[in-house]
Every structure is written in structure tokens, then in C-alpha cells.
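What follows is a set of notes on a single structure, which appears directly below.
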Amino acid sequence: MTRALVADDEEAPREQLLAALRSAWPSLQVVASAANGVDAWDAFLEHEPEVCFLDIRMPGLSGIDVARRIGAQAQIVFATAYGDHALAAFDTGAVDYLLKPVDPARLLQTVHRLQARQASPSSPPATDLQGLLKQLLQQAQHPPPLAVVQASVGREVRLIRSEEVIYFESDARYTRVVHTGAGGDGQALIRTPLKELLAQLDEQLFWQVHRSVIVNHRHIAAAVRVDEGQMHLTLRGRPETLPVSRHFQALFKGQ
Amino acid sequence: MPAQPIDWCQLWYPGPKRAFTADEMARAGSDAPSPTMLVMAIINFATVAFVALQLAPAGQTARTAAALGALAVLAATAARWLWWRPWRRPLMQMQLGVTAAMVLLALGIRWRLPEREDRFAVGLTLAVGCAVIVVLMWFLVLWRAQQIEARLREQAERERAIEMARRLAAAQLEPHFLFNTLASVQHWVQCKDDRAAPLLAALTGYLRATLPMFNRPLLAVGDELQAIERYLQVMQARMGARLAWRIDVDAALHTLQLPPGVLLTLTENAVVHGLEPQLGGGELLLRGRLQGDAAHFEVIDNGPGPAPGMQEGVGLSNIRQRLLLACGAAAQLRLGAAPGGGFKAELSMTTSAAHSPPPP
């Protein structure tokens, strides 16, 4: 059975797409519906669905950001209220796009396309998807990456420069910050959930390696493959190891 | 003022330098000479011919008339040719051509005249005629070139105005806004949700207020606030709990006349760039205060605030231009960070600078 993720920041268009999908593709199982890009990415990591319907304009991470992170791991259909020029490129069939409000006949076409591609998954994508996404991304505005993490420790607020961070780890309702800075034996807790933090960090410096771990790649010593499906990271000058989930193992493939 | 250099070239090679392209001639110079001009030229020539015939020596009337006829044909041909090429090079060519033709004509006639006095009289007439034609051609070309240039300038200005209006309309009716709203309306209508009717009403109100908005030069703040309220109601329906807003404008400011769309654009910017990209949404405050003669508006959101290196888009540069046109330098628009984080747009002016309606 095919599983899907639907993400749109507005309730009504999201519900409309869900309803339209129910009649166009009754056997599709929608495993998650997200109201922003951050939740969408998190839900993808949790469920790893085969098909993702992503609104382009979403808070946190845009649909394009999410699609770029997903890469070739799932089939992506963009939804947008207005046809941007670059979207026409998707007509080539690498990915698809829908205009909102979603037209049932057009959605049916998309569904057939997705089903056909699932039947023969080995067919290569028709266009350079990553290049296309990069191009789209350049059109979107991006705030500058977070420079300082503010952590409350007792009665003081400690400022941790982002270069000093070794890794972030989800810890129940908090995010644990392990850093090289002085004080607090190099650890602090912040309230910002890891998935929200991800959207604010410098992508060049911080790599997400697990749904609950983001690591500063300068502190990675080695990636160790334990067996077929498992991998972990060792860090420079630290004893602990960090897990690498299946989706991110492609980051460490050797040269 | 820097001294303008003397263009010595114009002394020996006079005339307008700009050669119009075929496209420019088609747009601004496709008209034939008007009948009025033709009648004026004929009357002038008839007067000159009459005087010349009176002054011509007796017995040479026929030859003088023939020479005048030849002159007329030559001048008319040259003028018609230059009409479609009003610039320096054709002018020079034509002037040299006419002079050469006149010299040949003079030599031809000279042979047939036995009397020295007659030869002198005909020669002088032709020389003066030649000079007059050359000068007239120069005037014609100057006048025609200026006419075409003025038309081209006018066309360019009109196009700019149309482009400005088009961009304004486009900036106002954002397709994303419209289609996203329609998507919500459609879904709620389909599933018979009670939210459909109020959303549709707010959208209708917004469109009714904004579509004719830019046709007028000025709009009362009260009317603009109604449009803003409709806009915020639409966004409220779509964003739900993620959007909170408050409008707090002194009633005394409602009659103030401003260029339409200024406050609306600032509000839309705050929602689209400040609040919508926030995971948790945020709050918008539109405040207007009148203190004595000074009107002061603020649009504040609690979003991420101004990004470093932020560039003003089409909407904002439109606002600045229209404020400058309507209120002069007395109206000021300042953009920056709000005290508690977020973005603040401030608009201030004196009520005398803004166009207040005359008291009834």
C-alpha cells in the first residue's frame, strides 16, 4: 500500500487536497498531514512515505526546502496557489505540481503518473531534480542562519556561538546542546524543538544525521558502519557515538 | 553650471543629429503633411512668384515663370523627401543637390539670354530662390524632428504611467492571495462549512474596496481602513489562530486624504513577510495618532523583523513615489525594527501636507 504525506500551512486547502485524494486514490494511506515545513520534514523522517504532497509556501521550511532534503527518497508533488514560472519545468515529469484549489481531473492525472512511476521505479528522473530545486530555492527568501544559541541555565542566559556547538539532540521536551564553550560541563538545554532549530541552522555547518540528532560536521571523526542497516558517528575528542538513521547514511559514502 | 562646449561641427554640417529608426518613424512620424501646411506653402510661393514676375524684365516673363515653376517642383520634391527623413544627413544631401540643380538651371538659362542685364536678373532670382529653399528645408527638418521627438517623449511617458498602474494593480491583487483564498472558499463550500459565507463576504468586500482604489489619486483613511479590515478578516479565516490583529486609529484621522493603498500595502507586507513565515504566526497592530497638526501611523508586527540587507520591493517603492507626489517631502516613511523585535513601518506627515478636505 502506498503511503503519503500532505503538508499545507492552511487548513482548508489541506483538507481539500485530502478529500480529493480520498476519491482519486482510495487505496492511498495518508500517514501524516503537516501544517508547516518543519513538521512535514519531521513527519517524513518518522514515516518515510513514498509520496509527498508539499505546499511551496510554508512557514519554517518551504516546500522546496523539504523536497531538497527528501531528495530521491520519495516522489514529490508540489501544491501552489499560483503557477510560478519555474514550476512549468516540473511538467517534464520528474515531479509533479498541482494548482490550488485542486482540480479533481488534474489530480487524477497526477495520481496516474505517480502510480506509473511506482510500477517501474527504476526509470530515471527526466530532469536534474536537485538542480531544479536549487534554482527554485534561490528565488525564495531565506533568513540568515542562527549565529547564537541562547540557553537558560538557572538564573542566567548563556550565549553559545553556533560554531562552538558539537551537536544538538532531542531530549523529551527539550533540545540538548553539547558544545565546546566553557561552563555547564559543555551541556545546556533549550526549549526550541530540534525540528524547528533545523530550519534556522547553517546547512553548510550542521548536518542532520538522525530524526533527533543534528551534528556540527567539523566535530565528526568517523562514520562507522555496524551492519547492513546501522551506522554511527564517532566524534573528535569525545567518547559518545551518535546514531545515523537509514535516510542519512548516504551522507557518508566515502570517496 | 558647466559650460557647454561649442559644437563646431554644426557650423559646416548643421541639422538635428538624431536619425530616427524605422520603428520610431512608424510610431511618431507616420503622418503626412497636413492640408493647412500645404495651403500655407502654396500661398507663400504664389506671393513670391507674383513679386518675382512683377520685378522680372519685360519680355522675360515667360522664362521667369518657367524658372519659378522648376523651383516649385524642386522645392516640393525636396520637402516631401525630407518630411520622411528629418535629420542631418538627408538634409545636407538635399541642400547640396538643390544647389547643384540650381547652378545647372542658371547655366542653362544663361546660354539663351543675349542681354547681360537679363542674365544678371535671372541669375540673381535663382540664387535668392536657392538660398530661400535651403534655409526653408533647414527649418522644416528642425521643426519636424522636434515634433517627432516630442511625440516619442510623450509616448514614453504614457507607457511609463501605464506600466506603473499595471504594476500597482499587480502588486495589489496578489495571485497567491486570491487563489489561496478561493481554495479555502471552495473547500468550505464543498463540505458545507459555516466559515465559507463570512470568508466570501470579506473577500468580496476587499475586492470591492481595492479594485477601484487606484483609479483615484487620494482616498480617505477611513475608507482605506475598511479595506484593511476586510483583508485582515480574509487572512484571519485562512490563518486561524496564527493571526491576531488590532486596528487603533484616532477617529479624527478618518477624513485625512492619503494616496490609496499606502496603509494597506504596509499591512499586507507585515502579514506576508512578518507573520505568515512564522511557525506560530503572530500579532499585527495598526495604530494612528493625531497630535495637533501631526499625523502618525504605525504598522507593527512581532515577526522576525528586518533582515540584514533587506531590499525594498515594488510595493514599497510605489508607496514612496505616490507619497512624494501627493504630499511632497513632508510625508515620511520609515522602516525598521520594532522595539520588542519584529518589524515597524512608520508613516508621519502634517495634516496640512496631506490633502485634507475643505471644512464643510
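A few points about this structure:
- Highest mean first, the peptides A:243-250, A:30-37 sorted by other C-beta atoms within 10 Å per residue fall in the order A:30-37, A:243-250.
- Axial C-alpha extent at least 15 Å, average Kyte-Doolittle at least -1.0 - helices from chain B (DSSP): B:35-55, B:61-83, B:88-112, B:116-172, B:175-190, B:196-210, B:221-239, B:314-327
- Pairwise FRET efficiency - B:Ala197 versus A:Gln187, Cβ, R0 = 56 Å, nearest 0.05: 0.55
- About its Cα centre, the range A:148-251 has a charge dipole of approximately 140 debye under the convention of +1 per Lys or Arg Cβ and -1 per Asp or Glu Cβ, with nothing else charged.
- Remark: C-alpha extents of chain B on the principal axes read 110, 52, 48 Å, sorted largest to smallest.
- When the helices of the protein assembly as shown are scored as -39500 (n - 2.57) per DSSP H run of n ≥ 4 and the total is divided over every residue, the value at 222 nm lands at -15000 deg cm²/dmol.
- Counting only aspartates and glutamates at least 8 places from A:Lys134 when in the same chain, those with an alpha carbon closer than 20 Å to its own are A:Asp55, A:Asp65, A:Asp84, A:Asp91, A:Asp96, A:Asp202, A:Glu203.
- Positive-end residue, the protein assembly as shown charge dipole about Cα centroid, Cβ charges, pick of A:Val178, A:Val66, A:Ile214: A:Val66
- Dipole of the protein assembly as shown, positive direction: furthest Cα of A:Cys52, A:Ala199, B:His273, with charges on the beta-carbon: B:His273
- Taking the Cα centre of the range B:9-167 as reference, the dipole from Cβ charges on Lys and Arg (+1) and Asp and Glu (-1) amounts to some 360 debye.
- Neighbour-count ranking [beta-carbon atoms within 10 angstrom, fewest first] of B:Trp188, B:Trp81, A:Trp41: B:Trp81, B:Trp188, A:Trp41
- Simple Cβ-charge dipole of the protein assembly as shown, Lys/Arg +1 and Asp/Glu -1, about Cα centre, in debye nearest 20: 2080 debye
- Between the alpha-carbon centres of the range B:272-289 and the range B:303-329 there is a gap of 17 Å.
- Exposure proxy for A:Asp96, B:Asp7: other Cβ atoms within 10 Å of each Cβ, ordered fewest to most, give B:Asp7, A:Asp96.
- Sequence of B:Phe20, A:Phe168 once ranked by neighbouring C-beta atoms within 10 Å, starting from the fewest: B:Phe20, A:Phe168
- DSSP assigns beta bridges within the protein assembly as shown; of those with both partners inside it, close to 70 percent run antiparallel.
- Cβ-Cβ distance of A:Glu48 and B:Leu173, R₀ of 45 Å, FRET efficiency by 1/(1 + (r/R0)^6): the value works out to about 0.65.
We did not get these values from a lab; they are worked out from the coordinates using the rules stated. Owing to the predicted nature of the structure, the values given are computational and were not obtained by experimental measurement. Neighbour counts run over all protein chains shown; Cβ positions are idealised from the backbone, glycine included.
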